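Here is the structure we will look at.
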Amino acid sequence: MIELKNISKTYGKKETAFTALSEVSFSIPDGASVAIVGKSGSGKSTLMHVMSGLDPATEGQVIVDGVNIAGMKAKAKDSFRSKKMGFVFQSFFVEANQKVLSNVSLPLEISNVRPRARKARALQALTQVELADKADSRARNLSGGQKQRLAIARAIVNKPSIIFADEPTGNLDSETGDKIMQLLFNMNKKLGATLVMVTHDHDLASMCDIKVYIKDGRLEKITGAAKAGGKK
Ligand code: ADP
Ligand code: MG
């Protein structure tokens, strides 16, 4: 379960301070699919970054499976995140000069999986996103859509119990986007991973158990939480 308790996030200090999130509280039960929706600039990406421990909240707590991630030391947090979570974030991207395969293996490395097992699992994840033939290419040489698929492969390689995706189909043509979403929903439905995504796509949002509406940094409303909570 992911619990957000009274989360606020302010960027900058004094005159330049900008509060991107104010007093946001909600919970997500294990295995739910969640769409975060709202206008551009409303704080959706900020919310994803805070929920996943990529960025600290200014106030409030993020509790993942009973652990307050703000209270963790950097190394413990990295390890916790790489074992439990997968990320598809625009701002948290690939090592451009590294090979595609190394990029996908990175979370396995952080969580101390042995080198030989890493390679096999990274290739398996690349196969799932139909990118295995690019394993030895430099990440910088991929097209936008291929980079997005690489990001997805990296997000699922550790078989995470929570997947965070910030507009995962944003750069993709509709056919590739559909495939990627099938893959993410499969991880959710078949493997029981919690799926939290930001999306502008109403069809995608309507496929999710829970919809979180963010407006001007505040939780405007949340739908489906009780139902999703009751299914487990
Ligand atoms: P969304 O993803 O909904 O489009 P964001 O979470 O990216 O919105 O941004 C919310 C607000 O916070 C915006 O006004 C944005 O300009 C501001 N913001 C985001 N990141 C930073 C930052 N690192 N420093 C200052 N302001 C930021
Ligand atoms: Mg955003």
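Below is a table of values for the structure above.
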quantity	calculated
Segment 182-208: number of residues that are in contact with a helix residue (DSSP H, G or I) (Cβ under 7 Å, 6 or more places away or on another chain), more than 16 Å from ligand 2 (Cβ to nearest atom) and open to solvent by less than 10 Å² (accessible area, probe 1.4 Å)	2
Residue check, A20 farther than 25 Å from T169 by Cα, hydrophobic (A, V, I, L, M, F, W, C) and within 16 Å of ligand 1 (Cβ to nearest atom)	no
Filtered residue count, segment 1-35, keeping only those that are under 20 Å from D216 (Cβ atoms), in contact (Cβ under 8 Å) with a residue 24 or more places away in the chain, more than 16 Å from ligand 2 (Cβ to nearest atom) and of a type in the set (G, A, S)	3
Within segment 45-61, considering residues that are within 16 Å of the chain's Cα centre (by Cα), open to solvent by 10 Å² or more (accessible area, probe 1.4 Å) and not polar (S, T, N, Q), the one nearest to M207 (Cα to Cα)	H49
Residues (among the hydroxyl-bearing types (S, T, Y) and in contact with a strand residue (DSSP E or B) (Cβ under 6 Å, 6 or more places away or on another chain)) located in segment 163-194	T194
Positions within segment 165-181 being more than 16 Å from ligand 1 (Cβ to nearest atom) and open to solvent by less than 50 Å² (accessible area, probe 1.4 Å), in sequence order	L172, T176, G177, I180, M181
Pair list, Cβ under 7 Å, 6 or more apart: segment 158-178 residue on the phi > 0 side of the Ramachandran plot, other residue in a loop (DSSP other than H, G, I, E, B)	K159/L191; E167/T199; E167/H200
Meets criteria (in contact (Cβ under 8 Å) with a residue 40 or more places away in the chain and over 24 Å from V212 (Cβ atoms)) for S105	yes
Selection from segment 109-153 of residues that are under 20 Å from M85 (Cα atoms), outside any helix (DSSP H, G or I) and either among the aliphatic types (A, V, I, L, M) or within 20 Å of the chain's Cα centre (by Cα) (or both)	S111, V113, V129
Qualifying residue in segment 74-85 (condition: under 23 Å from H200 (Cα atoms), in contact with a strand residue (DSSP E or B) (Cβ under 7 Å, 6 or more places away or on another chain) and either touching a residue at least 24 places away in the same chain (Cβ under 8 Å) or open to solvent by 60 Å² or more (accessible area, probe 1.4 Å) (or both))	yes
Cβ pairs under 8 Å, 6+ apart, first in segment 36-56 and at positive phi and within 6 Å of ligand 1 (Cβ to nearest atom), second not in a loop (DSSP other than H, G, I, E, B) and not aliphatic (A, V, I, L, M)	G38/K44; G38/Y213; G38/K215; G38/E220; G43/K9
In segment 126-164, residue modelled with the lowest pLDDT [restricted to those that are of a type in the set (K, R) and surrounded by fewer than 22 Cβ atoms within 10 Å (Cβ to Cβ)]	K147
Residue match in segment 68-78 (condition: in contact with a Cys (Cβ under 7 Å, 6 or more places away or on another chain) and of a type in the set (G, A, S))	no
Pairs with Cβ under 6 Å, 6+ apart, first in segment 129-150 and among the charged types (D, E, K, R), second part of a strand (DSSP E or B) and at pLDDT 95 or above	D136/K99
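The values are calculated or read from the model by the stated rules, or taken from the named source; none is laboratory data. If you're wondering where the values come from, they're calculated on a predicted model, not measured in any experiment. Note that each Cβ is placed from the backbone with ideal geometry, even for glycine, and that neighbours are counted across all protein chains shown. These accessible areas exclude ligands, DNA and RNA; they are computed on the full protein's heavy atoms, side chains included. Shrake-Rupley method; radii C 1.70, N 1.55, O 1.52, S 1.80 Å.
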